[in-house]
Amino acid sequence: MHNGQIALTDEERNLLAIIGFRTHVRHDELRAACQANKEPILALWKSLSERNAVPAVRLRYWNDPDYNKDDRASHREIF
């Protein structure tokens, strides 16, 4: 672990490896890409949450609107 990375278990690394992180998806492929990522993303998040692997300050950045100076909503709410 370095540069603030969260240490992952072997199972979490396997989930991460199957999540597609393509930044450019054609509009007609978007729904399929989202569906393909849905289960592994949820499983990864569940695992990280259950073992409290995400530092509180990172959760606050995601959940707290005060951490998003450009908007009155949290990053989670915008997502």
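Laboratory data are not the source of any read-out in this text; all were calculated from the coordinates shown. Worth saying up front: this structure is predicted, and the values here are computed from it rather than measured.
From the phi of every residue in region 29-36, what ³J(HN,Hα) in whole Hz does the Karplus formula 6.51 cos²θ - 1.76 cosθ + 1.60 yield, where θ is phi - 60° and glycine or proline is x?
Per-residue couplings from phi come out as 9, 4, 4, 5, 5, 5, 5, 5 Hz.
Per residue of region 47-64, in order, report the coupling 6.51 cos²θ - 1.76 cosθ + 1.60 (Karplus, θ = phi - 60°) as ³J(HN,Hα) in whole Hz, putting x for Gly and Pro.
5, 4, 5, 4, 9, 6, 7, 8, x, 4, 5, 6, 5, 5, 4, 6, 9, 9
Out of every Cα pair in region 1-40, what percent are spaced more than 11 Å from each other?
69
In whole Hz, with x marking every Gly and Pro, tabulate ³J(HN,Hα) for region 69-79 from phi via Karplus 6.51 cos²θ - 1.76 cosθ + 1.60, θ = phi - 60°.
5, 7, 8, 9, 10, 6, 4, 4, 5, 5, 4
Considering Cα pairs under 8 angstrom that are at least six residues apart, work out the relative contact order of the chain and quote it in whole percent.
Computed value for the chain: 21 percent relative contact order.
Using just the C-alpha positions of region 10-78 as equal point scatterers, what log10 of I(q)/I(0) does the Debye formula give at each q in 0.28 1/Å?
Relative scattering, expressed as log10 I(q)/I(0), comes to -1.07.
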